[in-house]
Structures are given as structure tokens and as C-alpha cells.
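Okay, structure first, notes after.
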Amino acid sequence: MPQDGCAGIIEGMTLTHRWSRWPWLALVLGALLLGACRQEAAESPYSPIEREREGDPRSYLLGFSDVPPELTDEAYVRQFDFAAAYGEAILLQRPPAWADFLPGASVSDALRDEVLAAREAARARDLAVVVALDPFDPANRARLDALPPGYEGRSLADPDLLTAFTAEAEFIARNMRPDFLVLGSEINATYERNPEAYFAFLEAYRAAYDVVKRASPQTQVLVTFQYEELLGVVPELPPHAPRWELLDDLGLRLDLLGLTSYPSFAYPTARKVPPEYYLQLVEHTDRPVAFVGVGFSSGAHRSGVNASTEPEQRRFLQRLLEDALALQSPLLVWFAAHDLGFADTAPYDLLSSIGLRTADGEAKEAWSVWEEASRRPVDAEAAAALLAERDQEAEAERTAEEAAQTPTPAPTPADDDSEDDPDSEGDPDPEGDPHSEADDGEAGTGDGA
């Protein structure tokens, strides 16, 4: 389990949307078979809700993870329905099923059924599928998660585990054809805790990337970075300069730059989050930025963590949507649509107000912002054109303001020859001198004599 504090929550955030482990096992709340949940979601009748499209275009798909507000089969099915009603994508995250893909092993019927059921549940609702195959233990990203007996303590440098990881990535690509496939979550946390395991992962990722692109060329393949830890601003962890150099470690084998981000664990209010918090990414990557799990608390919690309110959550969401448009992001997944009603014990109680609606379904202030955004048409080209138009208008306004602030030069006074010509000092104006013509005439007579 992560440590009892906000650093542990951020480090273990992906526990909350794992396919098979947390929260059902991590909270020891009983065995809820997610395979059965997915089968029920796939078979459950679904009546789509028509959304009237209105407002400015957006570049990004909106989505939620598949974590329901309560631990029941019915709530899990409703989570798929809710994601389809107010978004276009759903995030499914799981640890590797190592034993099914080790050399000489075969894929179990249970795993195959789970994968196919999740695929059909998403397809029935016209949802883009975001699958995160996360090899690391979210409670301690220095090590691999759920390793089979005999492999404890090993890294992806082990040939068998490397084979299993790449084989499962190919299996998911071929059988689910996901729109987005995350092959490693919050990998910078592994770098901070176990560099050797991190570099072994990089090699495994490169191999898995190539296999996935051959199996499903249209799938966007990526990893995620935990953004607060990347910046070095996680409370209870040693501060450090931003690790921007990590963004280049995968080179061209990175279709998108994925982020998980929960600023309310690092900043007391949305207004304390620096203005260029996300926009600064354009200076450090040329990859499109995908938000693969974002959240901001709407309430204060113990020990002063998340000193937030519903208006602050709303302000953060409004800004996040604008920043995602400015970055031309293709994907924005909010961690949980509803508050997690079952997260009432430490450290997961810190997640209890991360949703945009309460566990009972009551809308918070931020919900109207999300709902309005969900009605906007998804059109990346139109969104890019809108940004260009806004940039032109802003540039015209800046030019006009600069012109208005530039003082008009004072008119230059007429030249006075008497001041410029020292020979004329004290002389009367020739036109006013009655002798000037006579003198000129005498001079002319003398010249002619």
C-alpha cells in the first residue's frame, strides 16, 4: 500500500483505476470479479443518449476511467454508460498477466474473455478505448507488479519477463485494437526510485512498441509521466529541478506524451497553480500531450491536504480545458466522474472528493463546465483554425494597444536662419533693408566696369 500521505497517493494514483487489483483488493473490500463486471457491461442493453453539439470545436476526446463510485456490478456498467453520455473515451488499466505470456504458456480463457468483453462494452457505446498496461507496482514503482512465483525481484532485463511483456502488448493490440495503448504508467517515478529498472523498461518498451505498431498500426502508443513528480513539486518527496530530459528517452517511439496530473496534492488552490503549468510543455516536447488521468479535489482533507473547494475545482477544470485546447491535446481523461464513496480509509480518503459529482450523483460546480465541454464538437482541424484565429485577433489587439501607448511626436519647429547662420547675427532682414538693393546694384556696377 502507498504510504499514508499525499506523496503516497500521487505515487499510487493508478491503483484506483486498475483493471483487476485496486480498489477491490487493495482496500480489502471483498472479491468483486471484474471479469464478470466487464461481461455484464458487454451484454447489458445500452440506449445511447443523443448529445446536441454546440459551441466551439475541441481537439480532444473527453473521458473517464472505468472506476465506479461504488463496488457493484451495476455501478460498473453505469460507469461505461456515463462515459458514453458525457464523453467519447474510457480508460482501462491493468497489470500484466505475466504467467499467461511467459515462454511456453498460453493465454487463459478468463483473460481472453475479459479483454473481449471490455472491447465489446466500449464498442457498443462508441467509446474510444484507452488501455494502460502498467508493469510497475503503483504502491512502489521501483519494482514490477504481480510477478509470478520464481520471478520476484526481477526487472524487465530478464528475458522471460521481456518476452511476456511484449507478447501481452501484442495480444491487447490484436484483440482490442485500442485507440490508445499506454505501455507503462508514471515511468518517471520508477526513474527516481530504481534507475536500473527504468532503463531496462526503456528497452522493453521499444521492443513492445514495434510489435504493437505491426499488429495495430492505427493504435497510438505512449507512456505516462506523473507530472507533479516530473516537476519536483510533490509534497513529502525531495524537491528537484524538472526532469525534462526524461521526455526524450524514448525518441521517435512515442506517438503522444502522456501525463497523469493531480495538482491539488501539490497546490492548496487552483489559483496557486503556476500560469504556464501545462503550457510550458511546448518548450520541451514536440509530441502531442495526452492527459491520461487528471483530477483536482473539491474539498479539504486531513493534515491540510487538498485545501480546496468546489469553486476551486471548477476553476481548475476551466483552465485545464483551455490549456488542452491550446496544446491541441487529443485526449483528456478525468480520473473519476464521481467521488469514490468507498474510499474512506487512509490514504485513499484523500481521493474522496476528486469526482465532478458526488458519490450519490449530485452535480458539483465543475460538472456544468464538463457537461458544456462534452457538447462541443470534436474536430481537431477546426479547433486548430479557431486557435489560429484567436492568435491573429490577439496579435491585432497587441498591435493596437502598442500604437495607442506610443506618444505622438511633437511637430518640429520651423528653422530660424538667424540662429543657424552666424554671419547674419545682428543683421537686419535683407528684405527690410532699403540699402540692400543699392549695395547689390553698386556691387554689380563695379563688376561690370
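Between GLU52 and GLU310, with labels modelled 7 Å along Cα→Cβ, what's the label distance in nm to one decimal, could you check?
2.5 nm
Once a ≥ b ≥ c are taken as the square roots of the eigenvalues of the Cα gyration tensor of segment 6-383, is the result rounded (a/c under 1.5), prolate (a/b larger than b/c) or oblate (a/b not larger than b/c)?
It comes out rounded by the Cα gyration axes.
For a protection proxy built on the mean count of beta-carbon atoms within 10 angstrom, sort 143-149, 48-54, 102-108, 214-220 highest first, please.
Going from most to least packed, we get 143-149, 214-220, 102-108, 48-54.
Between ALA326 and THR163, with labels modelled 7 Å along Cα→Cβ, what's the label distance in nm to one decimal, could you check?
For ALA326 paired with THR163, the spin-label model returns 5.0 nm.
If you take every residue apart from ASP100 with its C-beta less than 15 Å away from the C-beta of ASP100, what net charge results, scoring Lys and Arg +1 and Asp and Glu -1?
Residues close to ASP100 contribute a combined charge of -4.
What ³J(HN,Hα) values, in whole Hz, does the Karplus curve 6.51 cos²θ - 1.76 cosθ + 1.60 give for segment 227-237 when θ = phi - 60°, with x put for Gly and Pro?
5, 4, 6, 4, 7, x, 10, 6, x, 6, 10
Rounded to the nearest 0.05, what FRET efficiency do ARG174 and ASP126 give with R0 = 25 Å and r taken as the Cβ-Cβ distance? Could you check?
0.70
Within a Cβ distance under 11 Å of ASP360, other residues only, what is the Lys/Arg minus Asp/Glu net charge?
So the environment of ASP360 carries a net charge of -2.
Efficiency by 1/(1 + (r/R0)^6): what FRET value for LEU116 and ALA394, r their Cβ-Cβ distance, R0 = 51 Å, to the nearest 0.05?
With R0 = 51 Å, the Cβ-Cβ based efficiency is 0.55.
Highest first, please rank the peptides 353-360, 60-67 by the mean number of other Cβ atoms sitting within 10 Å of their residues.
Per-residue mean Cβ counts within 10 Å order the peptides as 60-67, 353-360.
Can you order the peptides 221-228, 240-247 by their average number of other Cβ atoms within 10 Å per residue, highest first?
Order by mean packing, descending: 221-228, 240-247.
Computed from the coordinates by the stated procedures, all read-outs in this text should not be read as laboratory data. As the structure is a prediction and not an experimental result, all values here were calculated from the model. Positions of Cβ are backbone-derived with ideal geometry, glycine not excepted, and every protein chain shown enters the neighbour counts.
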